[in-house]
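Peer 1: Following this message is one structure expressed as structure tokens.
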Amino acid sequence: MNPAAPVPTLGDFFAAWELFRDPVLAALIAGATLGYLGVYIVLRRMVFVSAALSQAAGLGVAFAFYAEIVLGATGLFDEPLLWATIFTLLTTLVLAKPGRDRWLSRESVLGWVYLIGSAGALIVGTRIQQEAHEISSILFGSAVLVTPADLHLLAAVSLVVMVVQLFAARGFRFASFDPDGAKVRGLPVALLDTVLFASIAVVVSFATRVLGALPIFAFSVLPAMAAILIAPSVPIALALATVFGAVSGGIGYVVSFRFSWPVGASQAATAVMLVIVTAAFRSIRDRIAAAHPPHTSLRPAG
């Protein structure tokens with residue numbers, strides 16, 4: 001940022017709200033949806049699933065540009081959103097495969113997918129110099145311009161996913177955290193797991209195309225971590241993570257504007273600050289509880 005240039009103010013931001021409205025709304029929607037899904041990701045120790053999926057989506061978008069510019073593909077074959085969805089769904093199928101049927105551990109497969117996605121997108125970017133900036137935006141996030149069509153599509157996908165998640169919320173929680181008990185109750189654990197993975201994959205693929213891989217990874221992990229630190233139960237953690245995700249997306253965009261920082265990095269940094277604040281709150285709460293244990297009666301028996 002030029003030191004001589006005036007520092008943008010919040011007044012400047014709201015004066016230009018018509019320009020920033022769609023990117024901010026897209027970040028709010030993606031942050032809220034991925035914040036909710038992130039509770040499952042974090043509690044099930046699948047943190048790098050979202051990283052691998054976002055990189056796979058980025059590779060799919062880069063491949064779409066390559067297909068259009070180098071291979072001369074037209075129609076659906078050069079549509080970034082289509083390829084982002086295909087790549088993430090294929091990745092989901094690999095990761096959802098039962099452990100006993102895989103040659104390598106899930107962690108190994110995750111590392112392989114992540115490296116293939118990030119390296120592949122960069123390699124493709126060197127072959128299409130005119131879209132190199134767009135490839136960088138996909139990987140690191142610079143949601144400065146979001147078209148109304150992108151916003152509406154992201155909103156529709158997020159709405160469908162959230163309706164499914166809320167409709168079968170108890171089933172998803174049982175299948176995720178007590179699969180044996182869920183099977184005893186007759187719940188289709190495998191189907192619920194597949195739907196959960198597919199929900200994550202679809203939202204990640206659509207949101208990565210709009211916002212970039214870095215903020216999407218942040219939204220799917222950090223708001224959930226912040227919520228889990230202070231929530232007394234999983235349902236409350238899901239609600240808090242939804243709010244924290246939306247805050248990370250919206251406030252992160254404002255921070256980016258105010259300090260002229262990259263959008264994706266600002267949104268990720270905002271989510272990091274939420275984790276720090278909730279961790280501090282948790283530490284203070286635990287210290288107070290330890291210093292003031294519950295009062296117990298010393299009334300003699302009998």
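The numbers here are math on the coordinates, done by the rules we state, and not lab data. Because the structure is predicted, anything quoted here is derived from the model rather than measured. No Cβ is skipped: glycine too gets one built from the backbone with ideal geometry, and neighbour counts run over all protein chains shown.
Peer 1: Just want the answer: with Cβ charges of +1 for Lys and Arg and -1 for Asp and Glu, which residue in 219, 154, 198 is farthest toward the dipole's positive end in the stretch 146-246?
Peer 2: Positive-end residue among those listed: 198.
Peer 1: What's the ranking of 155-163, 271-279 by average number of surrounding C-beta atoms within 10 Å, highest first?
Peer 2: 271-279, 155-163
Peer 1: I want to check the label-to-label distance for residue 15 and residue 184. Put each point 7 Å from Cα in the C-beta direction and report it in nm to one decimal.
Peer 2: 6.5
Peer 1: Neighbour counts of other C-beta atoms within 10 Å: give me 44, 287, 209 arranged from fewest to most.
Peer 2: Ascending number of Cβ neighbours within 10 Å: 287, 44, 209.
Peer 1: Which of the peptides 146-153, 218-225 is most tightly packed, and how do the rest follow, judged by the mean count of other Cβ atoms within 10 Å per residue?
Peer 2: Descending mean neighbour count gives 218-225, 146-153.
Peer 1: Taking a point 7 angstrom from the Cα of residue 86 along the C-beta vector, which residues in the stretch 187-209 have backbone N less than 20 Å away?
Peer 2: Flagged as within label range: 198-199, 201-209.
Peer 1: Between residue 164 and residue 291, what is 0.36 nm times their sequence separation minus the Cα-Cα distance? Round to one decimal in nm.
Peer 2: Fully extending the segment from residue 164 to residue 291 adds 41.3 nm.
Peer 1: In which sequence would 112, 83, 17 go, from the one with the fewest C-beta neighbours within 10 Å to the one with the most?
Peer 2: With the fewest neighbours first, 112, 83, 17 line up as 17, 112, 83.
Peer 1: What order do you get for 166-175, 20-29 when each peptide is scored by the mean count of other beta carbon atoms within 10 Å, highest first?
Peer 2: 20-29, 166-175
Peer 1: Take the alpha carbon atoms of the stretch 240-282, find their center, do the same for the stretch 10-66, and report the distance between the two centers in whole angstrom.
Peer 2: Value for the Cα centre distance between the two parts: 12 Å.
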